Amino acid sequence: MNVESLVDLAKKHILELIITGVYKPGQQLKEDEICKRFRFSRPPIREAFKMLEAEGLVTRKPRCGVFVAKMTRKDIWEVYTLKSVIYQMATSLAMAVMTDTDLEALETAVNQMTTCVATEPVVLRQYQLHHRAFHEIVMTLAGNSRLAQVENNLRFQISRISYNSLKNPAHLKSSLEYHRQILAAMKKRDRALACRLMKEHVLDALDLALTLLPADSSEAPVHDETPCFLSHGDIIDFDMAASPV
């Protein structure tokens, strides 16, 4: 096993514990403890910290160490509202090139999500992975590498928030139902409906995420309502944004 694969493995293990809440927001990540937990040497752990810092999941304080990143209400609002526009744009671009084979792949992801929800107890991380597969297909079809890069960075920042939200049974079922409806709209080639549902899906997740945030995380102000350009019923026309290639 080479050094790079050890770093990736270390990052994967640490990320899993951050997402699932074993490591709490604001908690210091101690090298010694992590080395013993995963039986790694220090270098891979340090490199994993650097990668997680670049993705916004940990912060480094001079002479203090590495800590799990905290998110304020404003942080969450910014990420989710931006994500809603990105997903809407990606859906619009993807549907211009979407084939029956692509729809089958999306349906497979939805079916796997359905199986996760029907399982007792629900394995939320598996649901998240299949949920991610659905959106990765859409992002890949969109064919905009910079859009995908921004989306990937935002996804990492709120992965812990998303996992916590999915613990809510009503939200979990709502998430699944949104993806079923989005897929149905895509099959009908109803671009406007698919875009609207994709945006609603993200903004509904935002509403729940803000209600689940601890009171002491609201040190920064946040808009009480979704801004007019992100209202649930509006669709932005992204035809002009299609790739010229």
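The values are calculated or read from the model by the stated rules, or taken from the named source; none is laboratory data. No experiment lies behind these values; they were computed from the predicted model shown. Cβ placement follows ideal geometry from the backbone for every residue including glycine, while neighbour counts extend to all protein chains displayed.
Some notes on this structure:
- The residues on offer are 78, 47, 53, and the sole one that is in the same structural domain as residue 178 (by TED's automatic domain parsing) and part of a helix (DSSP H, G or I) is 78.
- Spans of helices (runs of 4 or more DSSP H) in segment 121-209 with at least 3 residues over 20 Å from residue 103 (Cβ atoms) and within 15 Å of the chain's Cα centre (by Cα): 124-142, 145-166
- Residue match in segment 54-62 (condition: within 21 Å of residue 153 (Cα to Cα), among the aliphatic types (A, V, I, L, M), surrounded by 13 or more Cβ atoms within 10 Å (Cβ to Cβ) and in contact with a Phe, Trp or Tyr (Cβ under 7 Å, 6 or more places away or on another chain)): yes
- Scan of segment 149-167 for residues that are over 16 Å from residue 19 (Cβ atoms) and surrounded by fewer than 16 Cβ atoms within 10 Å (Cβ to Cβ), ordered by number: 149, 150
- Residue 98 satisfies every condition listed in (1) outside any helix (DSSP H, G or I); (2) more than 22 Å from residue 193 (Cβ to Cβ); (3) in contact (Cβ under 8 Å) with a residue 60 or more places away in the chain except (2).
- Any chance residue 133 is under 30 Å from residue 25 (Cα atoms) and of a type in the set (Gly, Ala, Ser): yes
- Residue that is farthest from residue 158 (Cα to Cα), among those in segment 21-44 that are touching a residue at least 40 places away in the same chain (Cβ under 8 Å) and assigned to a helix (DSSP H, G or I): 43
- Residue 191 being closer than 19 Å to residue 123 by Cα, touching a residue at least 60 places away in the same chain (Cβ under 8 Å) and surrounded by 14 or more Cβ atoms within 10 Å (Cβ to Cβ): no
- Applying a threshold of 7 Å to beta carbon distances and a minimum spacing of six or more residues, or different chains, the list of pairs starting in segment 161-179 at a residue that is charged (D, E, K, R) and ending at one that is part of a helix (DSSP H, G or I) reads 167/124; 173/117.
- Residue 18 meets the stated requirement of being touching a residue at least 24 places away in the same chain (Cβ under 8 Å), in contact with a helix residue (DSSP H, G or I) (Cβ under 9 Å, 6 or more places away or on another chain) and not assigned by TED's automatic domain parsing to the domain that holds residue 157.
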